[in-house]
1. Which of (1) open to solvent by 60 Å² or more (accessible area, probe 1.4 Å); (2) under 18 Å from the mean Cα position of the chain (by Cα); (3) touching a residue at least 60 places away in the same chain (Cβ under 8 Å) is the odd one out, the single condition ASN232 does not satisfy?
2. Which condition from (1) crowded, with 22+ Cβ neighbours inside 10 Å; (2) at pLDDT below 95; (3) of a type in the set (Asp, Glu) is the one that ASP196 breaks?
3. With respect to the numbered conditions (1) surrounded by fewer than 22 Cβ atoms within 10 Å (Cβ to Cβ); (2) of a type outside the set (A, V, I, L, M); (3) without any contact (Cβ under 8 Å) to a residue 60 or more places away in the chain; (4) touching a helix residue (DSSP H, G or I) at 6+ places or on another chain (Cβ under 6 Å), which one is the sole condition not fulfilled by GLN338?
4. Of these, MET299, MET238, which one is of a type in the set (A, V, I, L, M, F, W, C) and open to solvent by 20 Å² or more (accessible area, probe 1.4 Å)?
5. Against the condition among the acidic types (Asp, Glu), open to solvent by 20 Å² or more (accessible area, probe 1.4 Å), assigned to a helix (DSSP H, G or I) and in contact (Cβ under 8 Å) with a residue 40 or more places away in the chain, how does ASP274 come out, does it pass?
6. So which residues in the range 35-71 are part of a strand (DSSP E or B) and among the small types (Gly, Ala, Ser), if there are any at all?
7. Does LEU287 fit the bill of being modelled with pLDDT of 95 or more, open to solvent by 50 Å² or more (accessible area, probe 1.4 Å), assigned to a strand (DSSP E or B) and of a type outside the set (Phe, Trp, Tyr)?
8. For the range 72-118, which positions are open to solvent by 50 Å² or more (accessible area, probe 1.4 Å), hydrophobic (A, V, I, L, M, F, W, C), modelled with pLDDT of 95 or more and outside any loop (DSSP other than H, G, I, E, B)?
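The values are calculated or read from the model by the stated rules, or taken from the named source; none is laboratory data. Nothing here was measured: the structure is a model prediction, and the numbers come from that model. Note that each Cβ is placed from the backbone with ideal geometry, even for glycine, and that neighbours are counted across all protein chains shown. Heavy atoms of the whole protein, side chains included, go into the accessibility calculation; ligands, DNA and RNA do not. Shrake-Rupley method; radii C 1.70, N 1.55, O 1.52, S 1.80 Å.
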Amino acid sequence: MAGKDRIKIAIAGVGNCASSLLQGIEYYRKNEDADAIGLMHRDLGGYFPYDIELAAAFDIDRRKIGKDVSEAIFSLPNCTTVFFPDVPKTGIEISLGRVLDGCSEHLFNYPEECRFLPVEGEGATKEEVVSVLQNSGAEILVNYMPVGSEEAARFYAECALEAGCAFINNMPVFIASNPEWAKRFEEKQLPIIGDDIKSQLGATIVHRTLADLFKKRGVKIERTYQLNTGGNTDFLNMLNRNRLVSKKISKTEAVQSVLAERLENGNIHVGPSDYVSWQKDNKVCFLRIEGKLFGDVPMNLELRLSVEDSPNSAGVVIDAIRCCKLALERGKGGILYQPSAYFMKHPPKQYPDDEAYRMIEEFIAGNQ
């Protein structure tokens, strides 16, 4: 069964997350039966995963520039699980992006197969990126910059505004949740979803769900931590603790926002902990919650979660893209509050997950 028409996207940053998304589009094209595993919505407002079409892609790694996207998504330093190796040629070559702050200096102490190999110089200008976006016919720009890329994220948001593209900010730089940026997208009648993608079933959504369960069952949370390790370029990038400021705020606030009472800073720790190269794109979360039950009696919960990080992200982005398309069809610009609340860790307005779920279903149905 075919969807209504194509959804033309551009991607900034062709790393593991982009690889999983593009593999997934082809996987669900081949497995289009109603029982296909792993989708929150097979049919979202009349659009199916395989209705998404890549129009342009940008990167700064010289091993990817000029390659067909079908080849580039499997190029180093990408290390995510290959679950659909037969991605057909797209005819779309990787365009040079802007270098900026996407690559931390400490990465150059690690082997080339683990890190980025950026092109020399500053890369493409804003005018060149905007020209590619406009000529490609892209409707939506999907931002997959590495964590800590504050300048790069803002650069691509500017490019989206100038090119007339909707924007999905999958990383923890506060754009949708920044009133000034949000106003600019609203003035241009361009939808924006952000900030910082939640995984389909990752550390943040599990932590939030457990915290909400404690609240509903009358258990007082006193302390909690969430420690994460992984071996992809994002975890390597985050060894530079200066790049973690927005990420820690985003992940911590996602948990704090569902607690019955906010914890003092010393009683909550949420964030990436270390880089373990052999884990590749596998992310391991160690989660602990300490609390008090009936009669002030202490209890604690410990959990270990192991997931492949990038497919886990793609399972949500594939819905965010289709929600963005619905907004474009409906002439709705500015912040998409319902998709942002359900899909993102740091949306402009936080809602409990059960309420956000109700809101996203109403948005898809056209009731909000």
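1. Just one mismatch for ASN232, condition (1).
2. (2)
3. GLN338 satisfies every listed condition except (1).
4. Values: MET238 fails: open to solvent by 20 Å² or more (accessible area, probe 1.4 Å).
None of the other options fit; the residue is MET299.
5. Working: among the acidic types (Asp, Glu): yes; open to solvent by 20 Å² or more (accessible area, probe 1.4 Å): yes; assigned to a helix (DSSP H, G or I): no; in contact (Cβ under 8 Å) with a residue 40 or more places away in the chain: yes.
Considered against the rule, which asks whether it is among the acidic types (Asp, Glu), open to solvent by 20 Å² or more (accessible area, probe 1.4 Å), assigned to a helix (DSSP H, G or I) and in contact (Cβ under 8 Å) with a residue 40 or more places away in the chain, ASP274 comes out as no.
6. So in the range 35-71, the residues part of a strand (DSSP E or B) come out as 44, 47, 52-59, 61, 68.
Residues satisfying the conditions are ALA55, ALA56, ALA57.
7. Numbers: modelled with pLDDT of 95 or more: yes; open to solvent by 50 Å² or more (accessible area, probe 1.4 Å): no; assigned to a strand (DSSP E or B): yes; of a type outside the set (Phe, Trp, Tyr): yes.
Against the criterion (modelled with pLDDT of 95 or more, open to solvent by 50 Å² or more (accessible area, probe 1.4 Å), assigned to a strand (DSSP E or B) and of a type outside the set (Phe, Trp, Tyr)), LEU287 does not qualify.
8. LEU96
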